[in-house]
Amino acid sequence: MSDTVSRLGQVLVVCAPSGTGKSTLISKLREEFPNFGFSVSYTTRAPRGDEQNGREYNFVSRETFVAMRSQGEFCEWAEVHGNLYGTATAPVNKMLDEGKDVLFDIDVQGAKQLKKTFYKGNFIFLLPPSREELTRRLVGRGTDSEESIAKRLANAQGEIAQADFFDYWIVNEDLEQAYQEFRAVFMAGALKPELRTDVEATILKEWED
């Protein structure tokens with residue numbers, strides 16, 4: 001535990017079906033609270049365009065990734081289109097010790113992996129107000145084919161079926177209300193006793209026998 005920070009950082013995990021507005025809410029939170037830590041993930045895929053090692057991703061061989069996974073170095077990992085992706089635990093813990101909050105924008109399976117390591121984190125599930133409204137939003141984006149929209153709705157059904165796993169539910173019907181609820185979870189999380197090194201080192205210490 002660090003003695004130089006007012007509190008330890010919190011882990012905030014956010015999941016939502018595609019089209020629910022998760023990216024917008026996360027952007028608003030990052031804009032208001034710019035001190036979030038950023039974890040550079042590991043991947044076995046090759047760099048694209050002007051991507052640089054250690055900036056967009058830590059690019060490693062499959063053998064290196066598998067070895068790291070075997071040694072338990074990842075708090076979450078997944079295979080997507082034949083490539084491996086993962087988040088190393090040690091850098092996240094370092095940021096938390098420095099008082100930086102760490103936000104994970106991730107799918108439900110990734111969230112379940114993170115829960116094993118960061119079980120005291122805040123796990124949020126964002127819901128659409130209805131199936132009809134989610135369909136309207138997906139169609140309204142104008143970027144997906146009918147087949148893609150049908151697949152996204154099917155995925156949403158599977159994700160929503162696992163909503164009970166999460167600590168908080170936020171229904172994004174009105175963006176401003178949803179953001180205030182999202183912000184409230186973040187603010188409350190920062191007040192958890194296990195993160196308040198400032199209180200432990202000062203006020204509580206005064207009352208020790």
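Computed from the coordinates by the stated procedures, all read-outs in this text should not be read as laboratory data. Keep in mind the model is a prediction, meaning the values are calculated, not measured. For neighbour counting, all protein chains shown are included, and Cβ atoms are generated from backbone atoms with ideal geometry for every residue, glycine included.
The figures follow:
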item: For segment 1-144, alpha-carbon Rg relative to the globular expectation (2.2 N^0.38 Å, N residues); result: 1.16
item: For Val171, residues with placed amide H under 5 Å, excluding near neighbours; result: Leu127
item: Theoretical FRET efficiency, 1/(1+(r/R0)^6), r = Cβ-Cβ of Glu206 and Glu132, R0 45 Å, to 0.05; result: 0.20
item: For segment 60-209, Kirkwood radius (reciprocal of mean inverse C-alpha pair distance, Å); result: 18.5 Å
item: Label-point separation, Ala184 to Asn155 (7 Å along Cα→Cβ), nm; result: 3.0 nm
item: Candidate lysines - alpha carbon under 21 Å from Lys120, same-chain residues fewer than 8 apart omitted; result: Lys94, Lys100, Lys112, Lys192
item: Table column - 3J(HN,Hα) (Hz), segment 56-66, Karplus curve with 6.51, -1.76, 1.60, x for Gly and Pro; result: 6, 8, 8, 8, 9, 6, 4, 4, 5, 4, 4
item: Percent of beta bridges antiparallel (DSSP, segment 39-98, rounded to nearest 5); result: 75 percent
item: Spatial extent of segment 19-66: Rg and Dmax, with the Cα atoms as the point set, Å; result: 14.5, 40
item: Fraction of antiparallel bridges per DSSP, the chain only, in percent to nearest 5; result: 35 percent
item: Approximate shape of segment 115-184 as ellipsoid semi-axes (Cα gyration tensor, √5λ), whole Å, largest first; result: 25, 16, 10
item: Quotient of C-alpha Rg and 2.2 N^0.38 Å, computed over segment 39-98; result: 1.11
